[in-house]
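Notes for the one structure printed next.
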Amino acid sequence: MTVRVETTDMAGAVMLVTLDRPSRRNAVDHETLVELAAVQAELVADTARLVRVLVLTGAPPAFSAGADLTGVEEGQFAADLASVLRGFGRLPIPVIAAIDGPALNWPVCVDGSYWKISGRSPTP
């Protein structure tokens, strides 16, 4: 698994999603995209709105080094990446990026608009 999912607080209202590929500085690969899409689908299906906020973070030493370009020439990685990024902006709950460390080339999509975000250390 490349994504760790935990619910926090007594009611489980906060979902903490951690990019967990520290050896690759949490670079997003196809497996990570599949797991993030599954998290998004779970949140969309949560009609009772038990989860009230999603916090996205990365395991140390970085938030994320962006896309892992290893093997992306196969399939439609770019389209899948864009779909997952758009998916965060379409969730029915707020999404918070908890950034501690480098956040390289990480566009965040909100309502179809891409925004670049970075932490205190925007370089490796």
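Within segment 73-89, being touching a residue at least 40 places away in the same chain (Cβ under 8 Å) and either in a loop (DSSP other than H, G, I, E, B) or among the aliphatic types (A, V, I, L, M) (or both) holds for GLY75, LEU81, VAL84.
Residues of segment 20-34 include none that is at pLDDT below 90 and exposed (fewer than 13 other Cβ atoms within 10 Å of the Cβ).
The condition of being in contact with a strand residue (DSSP E or B) (Cβ under 9 Å, 6 or more places away or on another chain), modelled with pLDDT of 85 or more and loosely packed, with under 13 Cβ neighbours inside 10 Å holds for only one of ALA38, ALA79, that being ALA38.
The values are calculated or read from the model by the stated rules, or taken from the named source; none is laboratory data. It should be emphasised that the depicted structure is a prediction, and the values quoted were computed from it without experimental measurement. Quick reminder, even Gly has a Cβ in these numbers, built from the backbone with ideal geometry, and neighbours come from all protein chains shown.
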